[in-house]
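Have a look at the structure below before the remarks.
The values are calculated or read from the model by the stated rules, or taken from the named source; none is laboratory data. Everything quoted here is computed from the prediction, not taken from an experiment. With ideal geometry, Cβ positions are generated from the backbone for all residues, glycine too; neighbour counts draw on all protein chains shown.
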Amino acid sequence: MSQIIKIKDVAQYLDQEVTFQGWLYNKRSSGKLRFLLVRDGSETIQCVVFKGDVPEEIFDDATKLTQESALRITGVIAKDERSALGYEMQVKGLEIVSLADEYPITKKEHGTDFLMDHRHLWLRSSRQHAIIRIRHEIIRSAREFFDDRGFTLVDTPIFTPNAAEGTTNLFETDYFDEKAYLAQSGQLYGEAAAMAFGDIYCFGPTFRAEKSKTRRHLTEFWMIEPEMAFCDLEKDMQVAEEFITHIVKSVLKNRRNELVILERDIEKLEKIEAPFPKIHYDDAVEILKKNNIDFEYGGDFGGTDETVISEQFDRPVIVHRYPAAVKAFYMKRDDKNPDLALAMDMLAPEGYGEIIGGSQREDDHQVLLDRVKEHNLPEKAFAWYLDIRKYGSVPHAGFGLGIERTVSWICGLNHVRETIPFPRFMNRLYP
Ligand code: 4AD
Ligand code: MG
């Protein structure tokens, strides 16, 4: 066996003998030749076995290899202008690590349910690789954005005694002799942390018992949530647009190949540049009216409404100052119109809908206490949260970006189910 290398580094080994360890992605046979497409996780390469070049047992092994068999393969690296990688291997040696059973995922079209049931295997396909690598880049660049600006990462709990985003979609669980809820958001803890560190962000899984079967809803999804002390809604929106611009630019720079594999219209992403259009809720309602959408003023936007609004713009649009009645209890009201909350949602273009939800928070103790009561929330569970307003309360704001919806938009997918390695949504707990 020669030096083991990753396929992605193959260019450095032209004309040298090396070994790859990986899996058989595909195989073609033609007379005295076996074309083995080998994947090692980093890349895929064609390895050519010529009967005259190898001992008979090795040619026989190459013949009996099944799809997804694990192997070690040794040979000399040559140029191959026809392949995307630009190189191929002329095989000298082959070791079967384990022969795979007949692989259930074949080239024929499979239904979504079948693929979802085989998600543990489906992840090996090139399309899924591209999506998961873009997801990684989105998360990496999102953290980088806040890290570079001096935000402190503060992890927030998953078992919580209180509801952050309404009580209708809580996952409840026994917590010894008490009830606990899986976190819907880290925000409330983020606010406490912002009073300790100034600028913070949290990043973790969040849970909502969404009974809706839409292309945008998961029951377990990842959210990155910055929270900033001494910050108002205007600055909050500005940070959000710079943040999204940074993420899109990073994906374009570092994961362009993957976007090509997904056949994403890259020109549309290249237009994403701050500042983004920012429109008042009233203006958004006007857009719906002009497009003959049946919408009652005062309500929250549904999926179709968001699509119609976002289709008016070539970059994400921020809608601000929603009716307080349809938004969370913790949002500060607008001085100029107390029926409106200092809230903002960012809607992605091309009909992808809301990717960010954020707001300026209520910072007055008495007002917030009244809100807790109005919403029939248990005062005891929120006592610590109210406390924050007693000890050096300041204007503060933040937002949450849903990772999966962002992946869906940037990759140009038609459902969030492929944006996370093992998705959880209604009727899907397996694998
Ligand atoms: O608008 P939401 O509910 O806002 C919050 O949770 C705030 N506490 C955030 C904050 O201000 N710190 O959710 C934020 C984002 C949405 O814009 C969406 O991208 C995503 O989280 N999201 C979901 N993604 C997938 N499946 C679901 N069921 C989602 N619910 C929200
Ligand atoms: Mg929202």
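Among the numbered criteria (1) within 20 Å of Q3 (Cβ to Cβ); (2) within 28 Å of the chain's Cα centre (by Cα); (3) surrounded by 14 or more Cβ atoms within 10 Å (Cβ to Cβ), which single criterion is violated by R119?
Here R119 clears every test but (1).
Which is farther than 20 Å from D148 by Cβ, at pLDDT 95 or above, within 16 Å of ligand 1 (Cβ to nearest atom) and of a type in the set (A, V, I, L, M, F, W, C), of F295, F207, F243, F197?
F207
List the residue pairs whose Cβ atoms are under 9 Å apart, where the first residue sits in region 292-310 and is assigned by TED's automatic domain parsing to the domain that holds D282, the second is of a type in the set (S, T, N, Q) and surrounded by 13 or more Cβ atoms within 10 Å (Cβ to Cβ), and the two are 6 or more positions apart or on different chains.
I293/T304; G303/T214; V308/N291; I309/N291
How about region 385-425: which of its residues are within 16 Å of ligand 2 (Cβ to nearest atom) and either under 20 Å from H120 (Cα atoms) or not charged (D, E, K, R) (or both)?
Once the filter is applied, which keeps residues that are within 16 Å of ligand 2 (Cβ to nearest atom) and either under 20 Å from H120 (Cα atoms) or not charged (D, E, K, R) (or both), region 385-425 yields A397, G398, F399, G400, L401, G402, I403, E404, T406, S408, W409, V416.
Return a yes/no flag: does region 247-257 have any residue that is within 11 Å of ligand 1 (Cβ to nearest atom), closer than 29 Å to G302 by Cα and surrounded by 21 or more Cβ atoms within 10 Å (Cβ to Cβ).
No - not one qualifying residue is present in region 247-257.
Evaluate region 324-332: report whether one residue or more is within 23 Å of the chain's Cα centre (by Cα) and either assigned by TED's automatic domain parsing to the domain that holds I410 or surrounded by 17 or more Cβ atoms within 10 Å (Cβ to Cβ) (or both).
no
For residues that are within 9 Å of ligand 1 (Cβ to nearest atom) and part of a loop (DSSP other than H, G, I, E, B), scanning just region 210-230, find the one that is surrounded by the fewest Cβ atoms within 10 Å (Cβ to Cβ).
Going through the qualifying residues, I end up with S212.
If G204 meets every condition in (1) touching a Ser or Thr at 6+ places or on another chain (Cβ under 7 Å); (2) part of a helix (DSSP H, G or I) apart from one, which number is that one?
Against the list (1) touching a Ser or Thr at 6+ places or on another chain (Cβ under 7 Å); (2) part of a helix (DSSP H, G or I), G204 comes up short only on (2).
Among the residues of region 166-190 satisfying the criterion of being within 9 Å of ligand 1 (Cβ to nearest atom) and of a type outside the set (G, A, S), which is surrounded by the most Cβ atoms within 10 Å (Cβ to Cβ)?
Checking each candidate, the answer is Q187.
Of the conditions (1) modelled with pLDDT of 95 or more; (2) in a loop (DSSP other than H, G, I, E, B), I318 satisfies every one except a single condition; which number is it?
Tallying (1) modelled with pLDDT of 95 or more; (2) in a loop (DSSP other than H, G, I, E, B), I318 fails exactly one: (2).
Given the criterion under 15 Å from R321 (Cα atoms), in contact with a helix residue (DSSP H, G or I) (Cβ under 9 Å, 6 or more places away or on another chain) and surrounded by fewer than 20 Cβ atoms within 10 Å (Cβ to Cβ), identify the matching residue among P378, P338. Walk me through how you get there before you give the answer.
Details: P378 fails: under 15 Å from R321 (Cα atoms).
The unique qualifying residue is P338.
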